[in-house]
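Quick one: the structure is below, questions incoming.
The values are calculated or read from the model by the stated rules, or taken from the named source; none is laboratory data. These numbers come from a predicted model, not from an experiment. Reconstructed Cβ throughout: ideal geometry from the backbone, glycine too, with neighbour counts over all protein chains shown.
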Amino acid sequence: MSSVSAPRPVRRALRPAPDWSGRVVLYHNVVAPYRHALFQELARRMALDVWFSVRTTRDRKWSTRVPAGYDHRFLDGWSVYGFNRPLIFCPGLIRDLRRARPQAVIAVLTRSNAVDVLRICRWGRRAGVPVVLWIGAVEPDPAFTTDVPRALDRLFERYYRKAIREATGYVYYSELSRRWAERRGARGPGTSGTQVLPPAPVPPRLEAHHGRDDLVMLYVGKLEHRKGVDLLIRAAADLEPEVRRRLLVRIAGEGPMAAMLPELTEAGIRYEFLGHTDRDELWKVYRDADLTVLASRHDPWANILNESMSMGTPVLISRQAGGAELGGRAGWVCDLRDPASLPRELARALAECRDSGRRRDAVRAEREYRPDTSADRIATLMRQLVDGPAVPERLLSRTG
C-alpha cells in the first residue's frame, strides 16, 4: 500500500483573471503531463482548481511536476494495488468539497477512482452542484480483458453505472466513449475533450517523402496485446513482396511483445527497434514517417494519434480505438472484427500515404483537438450548467 501525505495548501498560479468567474473544481486521479496544457487553457476561461487524488501510481513512468498556469492541490489520497491495478480513495474528499463550495465539479472517471467519483456525484445531487463526468472508457470494457475476478468486475460496473446516471453532464474522449456511457445510462448535455497536447517544438512536415525508396511505417506505444502489436506484425507479413521489400518498420516503445519483432525479419521486412524514446526525439521520428499505425483492440484515446497528425503523418487506426473519427479524416480506419480489414487497409494506406494533401489534412484536422479548442467546448458546457438551472429536478429526485 502506498499513500500521499496530508493535503497541501492550494498552489495559486500567477495568471490573468479568467473569462468567466465560475468556480470549478476538477478532480483528477494522478498528475498527467498530457493534460497540463488543457488545464492551463481551462484556467483562462473559468476559476479552475485542479485536485489530484495522488501524485502518481507505480504504473506511471512520466514526470509528476505540475507547471505554472493553473491552481492545484493534492488530496489525502491512498493508492492500493490489487491484481496489479491501482485503486485510489480520498477519505476527506467530501469534506474538502463542502469547504471549497464550488459552483460545479468536473470528475475524471476511471476504474481506479470510481468509488470517489460516485461519492462526488451523490454529494453534488444533495448540494445542488452540477457534476460533469470526464469519460474515456470504450467497448469492450478493459475490465473484462484482465485477470481481475469477474465478481470484482461486476462491482466496478455497478459503480460506473450509478455515477453516470447521477451526473449532470459529460465530457467524452471520443464517439466510442459517448456510446459506452449512454449504454450505462448517460442522459444529459455533453461535449468532447480528448488527450490534447501542447504544440510540438518542431514544425510539421507538409510535403510527402517522395525522394526515398523506403516506406517508413511507425508504431509508438506499449508492445502489448491490447495495442494489437501481434495483429500489425501479421498484417505486415501478408503484404505483397515488393511492398515488404521497401517497408521499414520503426517501433518506439517497450513491452512483452517485443519478442515477436523478429517475425518481421522472417517475413522479409526490415525494422528498427527504438525502445523508449525521449519526447524531444519522438517528434522527429513522427515527422520522418510516412504512416503511423494504431491497431488497438481497445483504447480510450492514444496520444500518438494527436502527436503523429500534428507532425503531418497520417494514421491508420482501428475502429475499436477512441479517435477513429479524427484519424479517419486524413487517414484510414480498419475494423478488427473483420480479420481481413487490417491487412487490406494497411496495404491501401502504404499505397496512398505518399500524398502531401493527406499530410496537410492531418495537420488541419488535429488542430481541432488542441488545448484551446477543447477548452472552449468544455468551458461552454460548464457555463451552460452553472448559469442555467443548477441541477435538473429529475436528478435531484433520484435516490440512487
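Identify, by number, the condition in (1) at pLDDT 95 or above; (2) under 15 Å from TYR170 (Cα atoms) that ARG122 doesn't meet.
Condition (2) is where ARG122 drops out.
Within region 232-242, identify whether any single residue is at pLDDT 95 or above, within 23 Å of the chain's Cα centre (by Cα) and not β-branched (Val, Ile, Thr), and answer yes or no.
yes
Would you mind stating whether ARG270 is touching an Asp or Glu at 6+ places or on another chain (Cβ under 9 Å), of a type in the set (Lys, Arg) and touching a residue at least 12 places away in the same chain (Cβ under 8 Å)?
On the way: touching an Asp or Glu at 6+ places or on another chain (Cβ under 9 Å): yes; of a type in the set (Lys, Arg): yes; touching a residue at least 12 places away in the same chain (Cβ under 8 Å): yes.
So ARG270 passes the test.
On the basis of being surrounded by fewer than 20 Cβ atoms within 10 Å (Cβ to Cβ), closer than 28 Å to PRO33 by Cβ and within 18 Å of the chain's Cα centre (by Cα), does GLU307 make the cut?
On the way: surrounded by fewer than 20 Cβ atoms within 10 Å (Cβ to Cβ): no; closer than 28 Å to PRO33 by Cβ: yes; within 18 Å of the chain's Cα centre (by Cα): yes.
No, not satisfied.
Please count how many residues of region 350-369 are in contact with a Leu (Cβ under 9 Å, 6 or more places away or on another chain), over 12 Å from ALA330 (Cα atoms) and at pLDDT below 90.
Matching residues across region 350-369 total 2.
Out of region 88-101, which residues are surrounded by 24 or more Cβ atoms within 10 Å (Cβ to Cβ) and within 19 Å of GLY22 (Cα to Cα)?
Passing the criteria: none in range.
In region 333-372, what count of residues is obtained for those that are among the hydroxyl-bearing types (Ser, Thr, Tyr) and surrounded by 15 or more Cβ atoms within 10 Å (Cβ to Cβ)? Before you say what the answer is, go through the steps one by one.
Step one: of region 333-372, the residues among the hydroxyl-bearing types (Ser, Thr, Tyr) are 341, 356, 369.
Right, trim to surrounded by 15 or more Cβ atoms within 10 Å (Cβ to Cβ) and you get 341, 369.
Count: 2.
Continuing with this model, one more query. Pull up region 107-122, narrow it to residues that are touching a strand residue (DSSP E or B) at 6+ places or on another chain (Cβ under 8 Å) and part of a helix (DSSP H, G or I), then point me to the one that is surrounded by the fewest Cβ atoms within 10 Å (Cβ to Cβ).
VAL115
Please find, within region 175-230, the residue that is surrounded by the fewest Cβ atoms within 10 Å (Cβ to Cβ) out of those that are in contact with a helix residue (DSSP H, G or I) (Cβ under 7 Å, 6 or more places away or on another chain) and among the hydroxyl-bearing types (Ser, Thr, Tyr).
Checking each candidate, the answer is THR191.
What is the one condition in (1) within 20 Å of the chain's Cα centre (by Cα); (2) modelled with pLDDT under 95; (3) more than 30 Å from THR277 (Cβ to Cβ) that GLU41 does not satisfy?
Here GLU41 clears every test but (3).
Among the residues of region 123-139, how many are touching a Phe, Trp or Tyr at 6+ places or on another chain (Cβ under 6 Å) and either surrounded by fewer than 21 Cβ atoms within 10 Å (Cβ to Cβ) or of a type in the set (Gly, Ala, Ser) (or both)? Don't jump to the end; show me each part of the working.
The initial filter retains those residues of region 123-139 that are touching a Phe, Trp or Tyr at 6+ places or on another chain (Cβ under 6 Å), namely 133, 135-139.
Add one more test, that the residue is either surrounded by fewer than 21 Cβ atoms within 10 Å (Cβ to Cβ) or of a type in the set (Gly, Ala, Ser) (or both), and what stays is 136-137, 139.
Final tally of qualifying residues: 3.
Something else: Answer yes or no as to whether LEU282 is within 30 Å of THR110 (Cα to Cα) and touching a strand residue (DSSP E or B) at 6+ places or on another chain (Cβ under 7 Å).
Numbers: within 30 Å of THR110 (Cα to Cα): yes; touching a strand residue (DSSP E or B) at 6+ places or on another chain (Cβ under 7 Å): yes.
It is true that LEU282 is within 30 Å of THR110 (Cα to Cα) and touching a strand residue (DSSP E or B) at 6+ places or on another chain (Cβ under 7 Å).
Next up: Being farther than 23 Å from LEU239 by Cα and buried (at least 18 other Cβ atoms within 10 Å of the Cβ) is the requirement here; does GLY327 meet it?
Numbers: farther than 23 Å from LEU239 by Cα: no; buried (at least 18 other Cβ atoms within 10 Å of the Cβ): yes.
Against the criterion (farther than 23 Å from LEU239 by Cα and buried (at least 18 other Cβ atoms within 10 Å of the Cβ)), GLY327 does not qualify.
Of the residues ARG348, ARG377, which single one is assigned by TED's automatic domain parsing to the domain that holds GLY190, of a type in the set (Lys, Arg) and either more than 15 Å from the chain's Cα centre (by Cα) or not in a loop (DSSP other than H, G, I, E, B) (or both)?
Working: ARG348 fails: assigned by TED's automatic domain parsing to the domain that holds GLY190.
Every option except ARG377 fails the conditions.
Follow-up question, since we're still on this one. Which pairs do you get when a residue that is on the phi > 0 side of the Ramachandran plot, found in region 366-379, comes within reach of a residue that is at pLDDT 85 or above and part of a helix (DSSP H, G or I), reach meaning Cβ atoms under 9 angstrom, with the pair 6+ apart or on two chains?
none
Filter region 283-304 down to residues that are touching a helix residue (DSSP H, G or I) at 6+ places or on another chain (Cβ under 7 Å) and of a type in the set (A, V, I, L, M) and give me whichever is surrounded by the fewest Cβ atoms within 10 Å (Cβ to Cβ).
LEU291
How many of the residues making up region 237-276 are among the polar types (S, T, N, Q) and crowded, with 17+ Cβ neighbours inside 10 Å?
0
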